[in-house]
Amino acid sequence: MSLPKDLDVVFDFEKPSDQDSAAALDDAANYIRALNHGITKQDPGDPAFQFYSSGQASQYAHSQIKEYVGGGWTLTGKDRYYQAETSPGDESEKVKTVSVTFCEDQSRVYGKEVKSEKVHRTKESLASFQKFTVLMASLKGNPVWRAQQVTVEGKAEECRG
């Protein structure tokens, strides 16, 4: 999944020692990359996010991409994700889950008009910081973890600083 040269998506995550948590965290990052891929490709049906998500998380990615495309926007700059934490969840005969939380600093990522390529820079504020909680699930025997549910908290004070 390649992104344009003018968009740098950075994951400052420490790898958990637990193998399932590490894999879930890696694929949560891939879900975010896939979301950005759909936005920059201007494709609400992009297969990348569909590969790394299902259910509500897939609907969330689709709606976000559709919003950017509808507005004639894409992204440019540096989008940074950090302070990742994982919490192993339920495990059944067929499925394992891990809850992944992390912060996003959007203070250096900007909206760019697709047609004119005009960049709209904004100043850093509390609105630049978001906190994601992503429920990741894996079918036993399948190495891919897929986002099932996403909650995004805007103006996340605990992510600032």
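The values are calculated or read from the model by the stated rules, or taken from the named source; none is laboratory data. If you're wondering where the values come from, they're calculated on a predicted model, not measured in any experiment. Glycine gets a Cβ as well: all are built from the backbone with ideal geometry, and neighbour counts include every protein chain shown. We work out accessible area using only protein heavy atoms, side chains counted, and drop any ligands, DNA or RNA first. Shrake-Rupley method; radii C 1.70, N 1.55, O 1.52, S 1.80 Å.
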TODO: Quick one: angle between helix 19-41 and the longest Cα principal axis of the chain, in degrees between 0 and 90, rounded to 10, please.
DONE: 30 degrees
TODO: Using 0.36 nm per residue of separation minus the Cα-Cα distance, give me the extension gain between MET1 and GLU158 in nm, one decimal.
DONE: 53.5 nm
TODO: Can you send over the carbon and sulfur percentage of the accessible area for the range 52-97, probe radius 1.4 Å, protein chains only?
DONE: 44 percent
Open item on the list: Rolling a 1.4 angstrom probe over the protein chains, ignoring ligands and nucleic acids, what is the accessible area of LEU25 in square angstrom, nearest 10?
Closed with: 10 Å²
Task: Solvent-accessible area per residue, Å², over the range 1-131 with all protein chains present [probe radius 1.4 Å] - done: 54 Å²
- [ ] Quick one: pull the percentage of alpha-carbon pairs in the range 95-139 with a separation above 15 Å.
- [x] 61 percent
TODO: Work out the length of the dipole vector of the chain about its Cα centre, built from +1 on the beta-carbon of each Lys and Arg and -1 on the beta-carbon of each Asp and Glu, and round it to the nearest 20 debye.
DONE: 580 debye
Task: Integer Hz, Karplus 6.51/-1.76/1.60 couplings in order for the range 68-76, x for Gly and Pro - done: 5, 4, x, x, x, 10, 9, 10, 8
Open item on the list: Past the 19 angstrom mark, what percentage of all C-alpha to C-alpha distances in the range 55-159 do you count?
Closed with: 55 percent
TODO: Within the range 53-161, report the GluC sites (Glu not before Pro) that DSSP leaves as loop and that have at most 16 other Cβ atoms within 10 Å.
DONE: GLU93, GLU117, GLU124
Task: Accessible surface, 1.4 Å probe, highest first, among residues TRP145, TRP73 - done: TRP73, TRP145
TODO: Work out how far the C-alpha atoms of the range 1-110 reach from end to end along every principal axis, then list the three figures in whole Å, largest first.
DONE: 44, 26, 19
Task: Cα coordinate range in the range 1-58, projected on the principal axes (Å, largest first) - done: 36, 29, 15
